[in-house]
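To start, the structure under review is shown below, and the notes come after it.
The values are calculated or read from the model by the stated rules, or taken from the named source; none is laboratory data. Fair warning: this is a prediction, and the values are worked out from it, not measured in the lab. Every residue, glycine as well, gets a Cβ built from its backbone with ideal geometry; the counts of neighbours run over all protein chains shown.
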Amino acid sequence: MNKRLAILAGCVWLAACSHMSLRSPAATATLAPTKGNQAAGTVNFVQRGSTVYVDARITGLSPGPHGFHVHEKGDCRAPDGSSAGGHFNPAGTPHAGPDSAQRHAGDLGNLVADANGVAVYRVQVSGISLGTAADSIIGRAVIVHATADDLRTQPSGNSGARVACGLISKSADQWF
């Protein structure tokens, strides 16, 4: 009986260890303010299967909603963030919210800053990856806008000026 229990315990341990060795691709963007703004923060991305989990913490915002997008170019050199280009949209779909079946891959919706100008935002999206395929966001930019994204106006949701920009870079893989 003890031998069977020991074998069973060993099998459980091996299964747990093999599961723990799975890693998920991860990326990070450190946001810096555009000229005349104070917004800054960090956005972390972790991919599990076809879903990318986005976790953002941004400070220095005006209270209320702010458009939040992945843009096509990983270039934040322009003082106003315009060098990041338009929304990342490899499929050529219309602009919409993150829950829409047809949307720009980079449409992440709105994050909402509290009375202290701090926004904490978490969303799960499909249509992007952290790999090397055409839908990869590695090497692209994350932009926070001055006002809310209306989730329908083409091509960008009428979300105003770009108040923060950050390059998305591959980071150490995360435990699954």
What's the number of the only condition in (1) among the basic types (Lys, Arg); (2) touching a Ser or Thr at 6+ places or on another chain (Cβ under 6 Å); (3) assigned to a strand (DSSP E or B) that residue 122 fails to meet? (2)
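Of the residues that make up the range 145-160, is at least one of a type in the set (D, E, K, R), buried (at least 18 other Cβ atoms within 10 Å of the Cβ) and over 17 Å from residue 54 (Cα atoms)? Explain how you work it out, then say what you get.
Our first condition is that a residue be of a type in the set (D, E, K, R); within the range 145-160, this holds for 149-150, 152.
Among the residues that remain, those that are also buried (at least 18 other Cβ atoms within 10 Å of the Cβ) are: 149.
Checking the rest, the ones that are also over 17 Å from residue 54 (Cα atoms) come to 149.
Within the range 145-160, one or more residues are of a type in the set (D, E, K, R), buried (at least 18 other Cβ atoms within 10 Å of the Cβ) and over 17 Å from residue 54 (Cα atoms).
Quick one: in the range 101-119, which of the residues that are part of a loop (DSSP other than H, G, I, E, B) and under 16 Å from the mean Cα position of the chain (by Cα) is nearest to residue 43 (Cα to Cα)? Before the answer, list the steps.
Narrowing the range 101-119 to residues part of a loop (DSSP other than H, G, I, E, B): 101-106, 114-118.
So of that shortlist, the ones also under 16 Å from the mean Cα position of the chain (by Cα) come out as 103-106.
On the way: 103: 21, 104: 19, 105: 16, 106: 14 Å.
Out of the qualifying residues, it is 106.
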Need the failing condition index for residue 114 against (1) crowded, with 18+ Cβ neighbours inside 10 Å; (2) within 19 Å of residue 55 (Cα to Cα), just the number. (1)
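Name the single residue that is surrounded by the most Cβ atoms within 10 Å (Cβ to Cβ) among those in the range 117-136 being of a type in the set (Val, Ile, Thr) and within 14 Å of residue 70 (Cα to Cα).
Kept after step one, since they are of a type in the set (Val, Ile, Thr), are these residues of the range 117-136: 118, 120, 123, 125, 128, 132.
Going one step further and asking which of them are within 14 Å of residue 70 (Cα to Cα), we end up with 123, 125, 128.
On the way: 123: 17, 125: 20, 128: 27.
Ranking the candidates gives 128 first.
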When residues of the range 130-162 are limited to those that are out of contact with any Leu (no Cβ under 7 Å at 6 or more places or on another chain) and in a strand (DSSP E or B), the one nearest to residue 44 (Cα to Cα): 143
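Suppose we keep only residues that are of a type in the set (A, V, I, L, M) and within 16 Å of residue 154 (Cα to Cα) within the range 102-130. Which one would you say is modelled with the lowest pLDDT? It would help to see each step written out before you state the result.
Taking the range 102-130 first, the residues of a type in the set (A, V, I, L, M) are 105, 108, 111-113, 115, 118-120, 123, 125, 128, 130.
Still in the running and within 16 Å of residue 154 (Cα to Cα): 105, 108.
On the way: 105: 80, 108: 91.
Taking the candidates together, the pick is 105.
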Within the range 127-143, how many residues turn out to be over 11 Å from the mean Cα position of the chain (by Cα) and touching a residue at least 12 places away in the same chain (Cβ under 8 Å)? 5
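Residue by residue, here is whether (1) of a type in the set (Gly, Ala, Ser); (2) over 22 Å from residue 76 (Cα atoms); (3) touching a strand residue (DSSP E or B) at 6+ places or on another chain (Cβ under 6 Å) holds:
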| position | (1), (2), (3) |
| --- | --- |
| 97 | yes, yes, yes |
| 111 | no, no, yes |
| 127 | yes, yes, no |
| 130 | no, no, yes |
| 144 | no, no, yes |
| 148 | yes, no, yes |
| 154 | no, yes, no |
| 157 | yes, no, yes |
| 170 | no, no, yes |
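Quick one: which of 82, 100 is crowded, with 17+ Cβ neighbours inside 10 Å and polar (S, T, N, Q)?
Working: 100 fails: crowded, with 17+ Cβ neighbours inside 10 Å.
Going through 82, 100 in turn, just one is crowded, with 17+ Cβ neighbours inside 10 Å and polar (S, T, N, Q): 82.
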